[in-house]
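Chemist: Quick one: structure below, then a few questions.
The values are calculated or read from the model by the stated rules, or taken from the named source; none is laboratory data. Just so it is clear, the structure is predicted and the values come from calculations on it, not from any experiment. A quick note on method: Cβ atoms are made from the backbone with ideal geometry, for glycine too, and the neighbour counts reach across all protein chains shown. Calculation scope for accessible area: heavy atoms of the full protein, side chains included, ligands and nucleic acids excluded. Shrake-Rupley method; radii C 1.70, N 1.55, O 1.52, S 1.80 Å.
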Amino acid sequence: MERRPIGVVDSGVGGIAVMREIRQLLPHEDIVYYADSANFPFGGKSVPQLQVVALEAARFLLSRRAKLIVVACNTLSSAALPALRRNFDVPFVGMVPAIKPASASTRTGRVGVIATEATVQAQVFADLVAQFAEGIAVFTRACPHLAETVERGDTDSPEVRRWLHEYIDPMLAQGIDTLVLGCTHYSFLRPAIEEIVGGEVTVIDPSLPVARQVERVLRDGGLAVSAAQAGKVEYFASADRDGLLTKAEALCASGSSLAATART
Ligand code: DGL
């Protein structure tokens, strides 16, 4: 079939954590990555604002011929997935905080979730807790500073650790054994977070399950590429594209094949 890319959108570099997994799983697919950096951070925006942002982003990715759009952002997905699906025919894969798997796997019945302000305020979030966390104590914390620090390229400074302790220590004191990363930017903080929570707490990062969902949707829709040539990544940003490229390379330097294709 004709080669069309997978579109991936976030406010900045967070979605790169998801794209990294998609690249590992589907190395032959082309990807168009769009950071709406002019609207960063999404986490402080209202639902109507996020819906406008989401529709604009989808229009941009469709103008780049995206065959499927990954909303690699919990904030945007929580506010705008139904609106996106109503407005466009292309399949969307979104992500909402992993309350369901966390509730299914916790042994203590105590789960922590860190996410943006907009995500924890979203109706979808309350619905997920009501639907999947019956009898589970869910401790939620909006973390306004974390996406900003990651966006600055800072994933493990004393400042980041101070914020992480401020946000996570109260949950540890409550006896959580599972911590959900409810914002894609936090994937890049995972090593620091795992050190802080210690080996007894399971950290749930949904990046890989989202990539698997992309694989399923492509396969079921007959949209997967059949050619064996390596896929390429194209980066676009609504502001400071050079900054995005530099950060993408730095964040992906360890291990991923992404770095090599960052400037295609
Ligand atoms: N990466 C986004 C998320 O998953 C949000 C970061 C922001 O506030 O822009 O929620």
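Chemist: Please specify each residue of the range 1-58 satisfying the condition of being assigned to a helix (DSSP H, G or I), within 11 Å of the ligand (Cβ to nearest atom) and aliphatic (A, V, I, L, M). Let's see the steps before the verdict.
Modeler: If we filter the range 1-58 for residues that are assigned to a helix (DSSP H, G or I), which is where we start, we get 14-25, 37-39, 42-44, 47-58.
Next, only the ones that are within 11 Å of the ligand (Cβ to nearest atom) stay: 14-18, 37, 39, 42-44, 50, 53.
Across the range 1-58, the qualifying residues are Ile16, Ala17, Val18, Leu50, Val53.
Chemist: Can you tell me which of Thr178, Thr155, Thr202 is touching a helix residue (DSSP H, G or I) at 6+ places or on another chain (Cβ under 9 Å) and either of a type in the set (A, V, I, L, M) or more than 20 Å from Ser103 (Cβ to Cβ) (or both)? Before the answer, list the steps.
Modeler: Working: Thr178 fails: either of a type in the set (A, V, I, L, M) or more than 20 Å from Ser103 (Cβ to Cβ) (or both); Thr202 fails: either of a type in the set (A, V, I, L, M) or more than 20 Å from Ser103 (Cβ to Cβ) (or both).
The unique qualifying residue is Thr155.
Chemist: So if I check each of Asp30, Asp10, which one is open to solvent by less than 10 Å² (accessible area, probe 1.4 Å) and either of a type in the set (D, E, K, R) or modelled with pLDDT under 95 (or both)?
Modeler: On the way: Asp30 fails: open to solvent by less than 10 Å² (accessible area, probe 1.4 Å).
Matching residue, one of Asp30, Asp10: Asp10.
Chemist: For the condition out of contact with any Ser or Thr (no Cβ under 7 Å at 6 or more places or on another chain), away from the ligand (no atom under 16 Å from the Cβ) and assigned to a helix (DSSP H, G or I), what is the one hit in Arg65, Arg86? Step through it out loud before you land on a result.
Modeler: Working: Arg65 fails: assigned to a helix (DSSP H, G or I).
Only one candidate passes the filter, namely Arg86.
Chemist: What helices (runs of 4 or more DSSP H), lying completely within the range 98-183, carry at least 1 residues that are open to solvent by 50 Å² or more (accessible area, probe 1.4 Å) and within 21 Å of Lys247 (Cα to Cα)?
Modeler: Passing ranges, in order: 146-151, 158-173.
This table checks each residue for (1) outside the structural domain of Ile22 (by TED's automatic domain parsing); (2) closer than 22 Å to Ala239 by Cα.
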{"site": "Pro41", "(1), (2)": "no, yes"}
{"site": "Lys45", "(1), (2)": "no, yes"}
{"site": "Phe60", "(1), (2)": "no, yes"}
{"site": "Cys73", "(1), (2)": "no, yes"}
{"site": "Ala79", "(1), (2)": "no, no"}
{"site": "Pro91", "(1), (2)": "no, no"}
{"site": "Gln121", "(1), (2)": "yes, no"}
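Chemist: While we're looking at this one, here's another question. Here are Arg23, Arg65: which of them is among the basic types (Lys, Arg) and over 15 Å from the mean Cα position of the chain (by Cα)? Talk me through it step by step, then tell me what you get.
Modeler: Working: Arg23 fails: over 15 Å from the mean Cα position of the chain (by Cα).
Of Arg23, Arg65, the one residue that is among the basic types (Lys, Arg) and over 15 Å from the mean Cα position of the chain (by Cα) is Arg65.
Chemist: Is it the case that some residue within the range 186-194 is buried (at least 20 other Cβ atoms within 10 Å of the Cβ), over 19 Å from the mean Cα position of the chain (by Cα) and modelled with pLDDT of 95 or more? Walk me through how you get there before you give the answer.
Modeler: We begin by selecting, within the range 186-194, every residue buried (at least 20 other Cβ atoms within 10 Å of the Cβ); these are 186-189, 193.
Keeping just the survivors that are over 19 Å from the mean Cα position of the chain (by Cα) gives none.
Checked the range 186-194: no residue is buried (at least 20 other Cβ atoms within 10 Å of the Cβ), over 19 Å from the mean Cα position of the chain (by Cα) and modelled with pLDDT of 95 or more.
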